[in-house]
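Reading through the structure tokens given below for one structure.
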Amino acid sequence: MTASPSDRHDASTGRASLNGARDLAAARIGIGLVQGVLLYLLWRSAASAEALTWPATHPPMFAALALACAFTPVMLLAGIGRLPLKGLALWGLIAAAVLALLGWHDAAQQASDYFRPPYLRFPVVAFSAAALFIAHHLVVPAVASRRWIADFDDYFDTAWKAGVQLVLSLGFTGAFWLLLFLGAALFRIIGLRFLEDLIGEEWFSIPVTCLVFAIAVQLTDVRAGLIRGVRTVALMLLSWLLLVITVLVAGFLAALPFTGLDGLWKTGSATALVLSAAAALIVLINTAYQDGREDNLPPAALRAAVRIAAVLLTPLILIALWGLSLRIGQHGLTPDRIIASACALVGVLYAAGYGWSALSPLWRKSAWMKPLERTNVLAAVLTVLVILALFSPLADPARLSVNDQMARLKRGAVSAVQFDYAFLRFGAGKAGRAALADLAKSSDAEIARRAKAAQASASR
């Protein structure tokens, strides 16, 4: 029986797809192995605290390499097959360079006498990962559509699919290690410890972890339809949680006129709590809205919850801003308050855009929550820019905090007795140490005495 031309075409297409999958698998395995080897070499240079070798002997260089090697390969794993090779290589170089500069700056402005490898603070690592994820999923749809700004459904599809892949890949990697530990325990009870010894060796564990993660990305990428199915189920389940958080936030805001805000301020973390609630609303609103197509509208109950939640964002952000202003007015700037202020700035854009999306149909005819799409894209760009500014010399929180605290002391907003010298010594890096050295030379005897005592202290 002779195959028809369409059958031969389908067969050739299948073969081409299979070869493409093999090529992608080989590339991803190569990326995983290279990342594993690089991370192992970095670990080895810092393995002995008494005998550090290069680049661990140069903290800014080590931090730059660590941040770039940790996150750039993950971006390459996600981008390969979705971007042209030249475009992916260029984007990879740009991302690696920016990550390296962020890591370099973070280590360079830290005090070296108590900072240890990897010379990176947690906020820098977490926010760098977030900025890379957001930037990558702004770049990929734009390149694919050959436009500066792609259609919103392309952003939605790319970002949420990648998020599901990331979670599944991390879960697969964790399950792999659970099985290895289980196998090591089984062999140990019969007197064989070779597997236990092997997984305890960093030359094995670090490259294998990166390799298994790369394989997981490939496995999840081959079955794109299954990933979309998992994403659909996850979004459906999460979207119904919007009803819960909307009721809770509405109840919280309704109770405030009767309870006042004193209890909230006494927690010491009021701004973080309120911003977390706002972030939860934003995420869950998007799980209900999804790509915004008319054939994908949620049920009427969820549509109502989306509108209400979008309006509730504004009072939450206003409360966060109020709390921040009170704390800054009382105690001045600190790195945490500056980061919270940056988060609140992004929250203002979300609150304004989502509020407009929810209320604009009252005076003009428009599609359901359509302006939300533009808000999401603008907020994504703003988030990346804010993160780059925060963890670079442009708006370094430690430098800004030190300048503000010193100004408060100079103008008498805080007394020499109440001033936080320990913050300069332990919480503000080299900028704080330099300011503390200046205070130690102050003509005010009390300030000089306390500054010298802080310089001599071994712990906060």
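Data for the structure
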| item | result |
| --- | --- |
| Sole residue being among the small types (Gly, Ala, Ser), touching a helix residue (DSSP H, G or I) at 6+ places or on another chain (Cβ under 6 Å) and open to solvent by less than 40 Å² (accessible area, probe 1.4 Å), chosen from Gly92, Gly81, Gly30 | Gly92 |
| Filtered residue count, the range 411-460, keeping only those that are open to solvent by less than 30 Å² (accessible area, probe 1.4 Å), over 21 Å from Pro59 (Cβ atoms) and of a type in the set (Lys, Arg) | 0 |
| Residue in the range 104-124 that is open to solvent by 30 Å² or more (accessible area, probe 1.4 Å) and of a type in the set (Val, Ile, Thr) present | no |
| Search result, residues across the range 317-343 that are assigned to a helix (DSSP H, G or I) and within 21 Å of Phe122 (Cα to Cα) | Pro335, Asp336, Arg337, Ile338, Ile339, Ala340, Ser341, Ala342, Cys343 |
| Members of the range 281-310 that are within 12 Å of Tyr350 (Cβ to Cβ), of a type in the set (A, V, I, L, M) and surrounded by 16 or more Cβ atoms within 10 Å (Cβ to Cβ) | Leu281, Ile282, Ile285, Ala309, Ala310 |
| Filter result (closer than 11 Å to Gly347 by Cα, free of Cβ contacts under 8 Å to residues at least 60 places away in the same chain and either crowded, with 16+ Cβ neighbours inside 10 Å or not hydrophobic (A, V, I, L, M, F, W, C) (or both)) within the range 311-326 | Leu313, Thr314, Ile317, Ala320, Leu321 |
| Of the criteria (1) closer than 23 Å to Ile387 by Cα; (2) open to solvent by 50 Å² or more (accessible area, probe 1.4 Å), which one Trp54 fails | (1) |
| Single residue of Ser169, Ser128 found to be assigned to a helix (DSSP H, G or I), open to solvent by less than 30 Å² (accessible area, probe 1.4 Å) and touching a Gly at 6+ places or on another chain (Cβ under 9 Å) | Ser128 |
| All positions within the range 231-278 that are open to solvent by 50 Å² or more (accessible area, probe 1.4 Å), under 23 Å from Asn376 (Cα atoms) and either modelled with pLDDT under 95 or of a type outside the set (S, T, N, Q) (or both) | Thr232, Val233, Met236, Leu237, Leu238, Trp240, Leu241, Leu243, Val244, Ala272, Leu273 |
| Wholly enclosed helices (runs of 4 or more DSSP H) of the range 181-298 bearing at least 2 residues in contact (Cβ under 8 Å) with a residue 40 or more places away in the chain and either more than 30 Å from Ala46 (Cβ to Cβ) or not β-branched (Val, Ile, Thr) (or both) | 202-222, 224-259, 262-266, 270-289 |
| Test for Leu18: is it at pLDDT 90 or above and either hydrophobic (A, V, I, L, M, F, W, C) or open to solvent by 60 Å² or more (accessible area, probe 1.4 Å) (or both) | no |
| Selection within the range 36-77 - modelled with pLDDT under 95 and among the hydrophobic types (A, V, I, L, M, F, W, C) | Ala46, Ala47, Ala49, Ala51, Leu52, Trp54, Ala56 |
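The values are calculated or read from the model by the stated rules, or taken from the named source; none is laboratory data. Note that the structure is predicted; figures quoted are calculated from it, not measured. Neighbour counts run over all protein chains shown; Cβ positions are idealised from the backbone, glycine included. In case anyone asks, the SASA skips ligands and DNA or RNA and just uses the protein heavy atoms, side chains included. Shrake-Rupley method; radii C 1.70, N 1.55, O 1.52, S 1.80 Å.
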